[in-house]
Amino acid sequence: MAAFLPFPPSPARPTGLSPRRRAPPRWPVTSAALVIRGRSWSSSHPRLFAGAAHMAMAPPEESSPSPPSLPSPAGSANTSANVAPDSPPISAAEAEAAVRALWAAFDSGAFSAAAPLFTPDASYVDTLYRKPFAGRDAITGHLRDMESAFPSGFRFVLDDIAPGGSSVGARWHVETPSGRSLPAGRGASMYTLVREGDAGHVRFAEAWDFPEPSIKAAGATLLLLRGVSALLKLFPWLLK
């Protein structure tokens, strides 16, 4: 390996003179031989070796290891211990029937009657709350709170279902006892279904509710996003 430096090597000393002893280098030098301008130089020449070591002795770059695979999140469809093994896929008709049974319980006002439709380790996410309801017991408590909060006679109407087997989407709204749509009473939901137990009953492993926000501040939100975008352009390191 050849390396060229911008200065010539030191001139040879006249013969007959005793060579001047060099002081040992004050830094650790790896013993290696370099070829500079046709001459062989070793680590005993610290001035030249230090100028070329970073070029000649640079270690090869190592490829970064691939990131490890992450486990499935808690409450996903694959974490239930009671999921039936080797069960047939959930059909669109079964998925639609499960969602309609859930919303029939909601519409009746007996929200907690829908609790057996969930797996024991199911996850229920309502975006109005900060944390999800993890497990059937927590979901049952949430549904009982819904029973006591909503006035009697209010209806939960299922507008549309998009059954996709184990993944189902739904659109809904809430009506007053007179049949009038409740202001900010619309919403959408996403569900993950699994077969549970030896009988292969279809159950909810995960549920997401996206209620319509009661306060719509789209203008203020866009203004805030513009401010954040300008800030990130000035300080891109904030994204790291």
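Just so you know, in the stretch 173-210 the residues that are touching a helix residue (DSSP H, G or I) at 6+ places or on another chain (Cβ under 7 Å) and more than 14 Å from Pro89 (Cα to Cα) include one that is surrounded by the most Cβ atoms within 10 Å (Cβ to Cβ), and it is Phe204. Annotation note: Cβ proximity below 8 Å between a residue of the stretch 146-158 that is basic (Lys, Arg) and a residue that is part of a helix (DSSP H, G or I) and crowded, with 16+ Cβ neighbours inside 10 Å (sequence gap 6+ or interchain) occurs for Arg155/Asp107. Would you confirm whether any residue within the stretch 177-189 is within 26 Å of Ser123 (Cα to Cα), in contact with a Lys or Arg (Cβ under 6 Å, 6 or more places away or on another chain) and modelled with pLDDT of 90 or more? Yes, that holds for at least one residue. The residue pairs whose first member lies in the stretch 214-238 and is closer than 24 Å to Leu182 by Cβ, whose second member is open to solvent by 70 Å² or more (accessible area, probe 1.4 Å) and at pLDDT below 85, and whose beta carbons are closer than 7 Å, counting only pairs six or more residues apart or on different chains, do not exist in this structure. Here Ala115, Ala74 are screened, and the one residue that is modelled with pLDDT of 95 or more and closer than 22 Å to Asp209 by Cα is Ala115. Exactly one residue out of Ala184, Ala205 is on the phi > 0 side of the Ramachandran plot and assigned to a strand (DSSP E or B): that is Ala184.
Scanning the stretch 129-158 for residues that are among the polar types (S, T, N, Q) and buried (at least 16 other Cβ atoms within 10 Å of the Cβ) returns a single hit, Thr140. Evaluation of Ile161 against the conditions (1) open to solvent by less than 30 Å² (accessible area, probe 1.4 Å); (2) modelled with pLDDT under 90; (3) touching an Asp or Glu at 6+ places or on another chain (Cβ under 9 Å) shows that the sole unmet condition is (2). Only one entry of Asp121, Asp126 meets the criterion of being open to solvent by less than 80 Å² (accessible area, probe 1.4 Å), at pLDDT 50 or above, under 30 Å from Ile215 (Cβ atoms) and charged (D, E, K, R), and that entry is Asp126.
The values are calculated or read from the model by the stated rules, or taken from the named source; none is laboratory data. Keep in mind that what you see is a predicted model, and the values were worked out from it rather than measured. We place every Cβ from the backbone using ideal geometry, glycine too, and count neighbours over all the protein chains shown. Keep in mind that these areas ignore ligands, DNA and RNA; they rest on the heavy atoms of the full protein, side chains included. Shrake-Rupley method; radii C 1.70, N 1.55, O 1.52, S 1.80 Å.
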